[in-house]
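The values are calculated or read from the model by the stated rules, or taken from the named source; none is laboratory data. The structure presented is a predicted model; accordingly, all values stated were derived computationally and were not measured. Cβ placement follows ideal geometry from the backbone for every residue including glycine, while neighbour counts extend to all protein chains displayed. When the accessible area is computed, the model is the full protein with side chains, heavy atoms only, and any ligands, DNA or RNA have been set aside. Shrake-Rupley method; radii C 1.70, N 1.55, O 1.52, S 1.80 Å.
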Amino acid sequence: MRVLVFGMSGRLTGGIETFLLNMSKFMSSECIFDYVIMDGMNIHSETIRKNGGKSYAVAPLRENPLRSFVMLYKVIRKNRLSHPVAYFNLFSMVHVVPILLCRISGYRIVLHAHNSNLQQNSRLYRFLHKTGRLLLERMKCLRITNSPASAAFMFGKGSKAGIVYNAIDVDRFRFNPGIRKKVREEYGLGKKIVVGFSGRLSSPKNPLFLVEIFNEFHKLCGDSVLMIAGDGELSEAMKKKVGEYGLTKDVIFLGHVKDVEKYYQAFDLFIMPSHFEGLGIALVEAQSAGLPVVTSKDVVPAIATVTKQCKRVSVKSPAKIWAADSMKLFREWEGMNRDDAYEIMKSSKYNIRRESRKLEYLLMREGKR
C-alpha cells in the first residue's frame, strides 16, 4: 500500500523529517511513503528514493497561491486510486486545505499531531488554528499523536487519539569512543567540555536563548565549546549574538549535517531550551547517546525524559540558572558509562523497531477499512 504523506519540509532536516524518513526506512515493503513537498526544493529526494518512495513537487503557497492550489489538486487527484490513505503530519491546524481536498477526493485521512503549542503567536495565526480545528473536529478520520499534550492541543481535550512515539534508531546513536576521539581531534576539542545542540534554528527551538545560556556556562567554565548541528532562519542572528558575546572561537556552527549521530559522540552535555515541542526527537537521540540533558520544563513532555541524567528547567528562568543547573548535571554524570543509558533507551517506547511496526499497522488497517 502506498501512502500519500504531507507535512515534510524539502529545505531542512528537522524533527518531523527525521521521524518520517526513519519510520519509512524501518517499515516493510507492504507500506510505502510518497511525499508531497511544497517548498520549491527537496533535499531528501535521494533518501526517499532509497526507501522506495516518490516525491511530488508543489509550488510554495506563499509564492503563488493559485498555482500552488492547482498543482496540489492535480497531485491529489492523480494518486487517488493508488494511494488509499493521505497521512498528514501537523504542527497546527492552520493549513487545512490539503486535508479537505483529500477528503473530498475520497482518501481515508490520518492526522498525526506533533505539537503542543503554536510556533507563531499572532492573533491571525491563532484564529486560523482554531478555525481549522473546528472544521476538522467532526471529520471521520484516524487521529494519532506523539504525546497526550499534543492530542489535547491539536484535537481538543478528551479527544481520542492513538499514540505513536517519535522513535529513533537507537543503535545509530549508541556511544562509540572511537568516533568520539576522531571527531574531537578533527575539531581540536581536546579535553574541553562540549555543550551540544541539534535541531532547526528557528523560534520554537529558542536558539538565541541557547547562546545566552552558553555565554553564562562559559563564564563558569572557560574551557568549554558549544557545538550546533542544524540550520534555519535564525542562524545569522545566532552568529551575530555569539560575536557580541565574544564567543566566536568557542561556538561551532556545523550547519545541516546528514551524519548527526557522530557529533553526539563528541558532546559531553546536551541543552535544548525549546519554546515549543510536541515531544523532542533530538532529546531522545541525546539520551540514546548516553548524554546528560537539560531541557524545558512544562514545554517538553515529561514522557520524553527517560533516563536518570535529565534535568528540566523552566524556560522562563534566566540563562544563569540554566547554566548553573547544566554545570551541576554535567559534574554529577561526568565519567559515567554512556552505554547504561543506551540500554534503557533500547528497551523503551522510543525504539523505532517497535514504533514503526505500530504506525505501519495503523496505516495499513486504515487503508483496508
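This structure gives Rg and Dmax of the Cα atoms in Å, computed directly, and of (1) 27.0, 94; (2) 19.6, 62; (3) 20.7, 61 that value is listed as (3). In this structure, the amide hydrogen of SER198, modeled 1.01 Å from its nitrogen in the peptide plane, lies closer than 5 angstrom to those of ALA229, counting only residues at least 5 positions away or on a different chain. Residues in the range 185-197 carry Karplus couplings, in order, of 5, 4, 9, x, 7, x, 9, 5, 7, 9, 8, x, 8 Hz; the curve used is 6.51 cos²θ - 1.76 cosθ + 1.60 with θ = phi - 60°, and Gly or Pro positions show x. Sparse packing (at most 16 other Cβ atoms within 10 Å of the Cβ) combined with a DSSP loop state is found for the following GluC sites (Glu not before Pro) in the range 139-238: GLU233.
Computed from backbone phi, the HN-Hα couplings of the range 231-245 come to 9, x, 5, 9, 4, 5, 5, 5, 4, 5, 5, 4, x, 5, 7 Hz, rounded to whole numbers (Karplus: 6.51 cos²θ - 1.76 cosθ + 1.60, θ = phi - 60°; Gly and Pro given as x). From the alpha carbon centroid of the range 227-289 to that of the range 89-139 is 29 Å. Sites listed here are trypsin sites (Lys or Arg not before Pro) in the range 305-354 whose DSSP assignment is loop and whose Cβ has at most 16 other Cβ atoms within 10 Å: LYS308, LYS316, LYS349. Taking every C-alpha pair closer than 8 Å and separated by at least 6 residues, the mean separation divided by the residue count of the range 43-104 gives a relative contact order of 22 percent. Quick check: at a probe of 1.4 Å, how many percent of the accessible area of the range 295-369 sits on carbon and sulfur atoms? Carbon and sulfur: 50 percent of the exposed surface of the range 295-369. Pairs to check: LYS157/LYS349; LYS78/LYS358; LYS181/LYS258; LYS181/LYS249; LYS249/LYS320. Give those whose C-alpha atoms are more than 26 Å from each other in this structure. Beyond 26 Å: LYS78/LYS358.
In this simple spin-label model, placing a label point 7 Å from the Cα along the Cα-to-Cβ direction at both LEU134 and ASN176 gives a separation of 5.3 nm. Modelling each spin label as a point 7 Å along the Cα-to-Cβ direction, I'd like the CYS221/GLU332 distance in nm, to one decimal. So the label points at CYS221 and GLU332 sit 1.5 nm apart.
Placing dummy labels 7 Å off each Cα toward the beta-carbon, the span from ILE104 to ASN64 is 2.1 nm. Restricting the trypsin sites (Lys or Arg not before Pro) of the range 214-294 to loop positions (DSSP other than H, G, I, E, B) with no more than 11 neighbouring Cβ atoms within 10 Å leaves LYS258. Distance between the C-alpha centres of the range 153-192 and the range 340-369: 16 Å, rounded to the whole angstrom. Residues whose amide H lies under 5 Å from that of TYR35, counting only those 5 or more places away or on a different chain, are VAL5, LYS54, SER55, TYR56; hydrogens are built 1.01 Å from N in the peptide plane.
Expressed as a whole percent, the accessible surface of the range 1-106 that belongs to carbon and sulfur atoms is 57, based on a 1.4 Å probe. Solvent-accessible area per residue in the range 31-156 equals 51 Å², computed with a 1.4 angstrom probe and all protein chains kept. Peptides 52-59, 129-136, 275-282 ordered by packing proxy, namely the average of other Cβ atoms within 10 Å per residue, highest first: 275-282, 52-59, 129-136.
Within the shell defined by Cβ-Cβ distances under 13 Å, the residues around LYS258 carry a net charge of -2, with Lys and Arg each +1 and Asp and Glu each -1.
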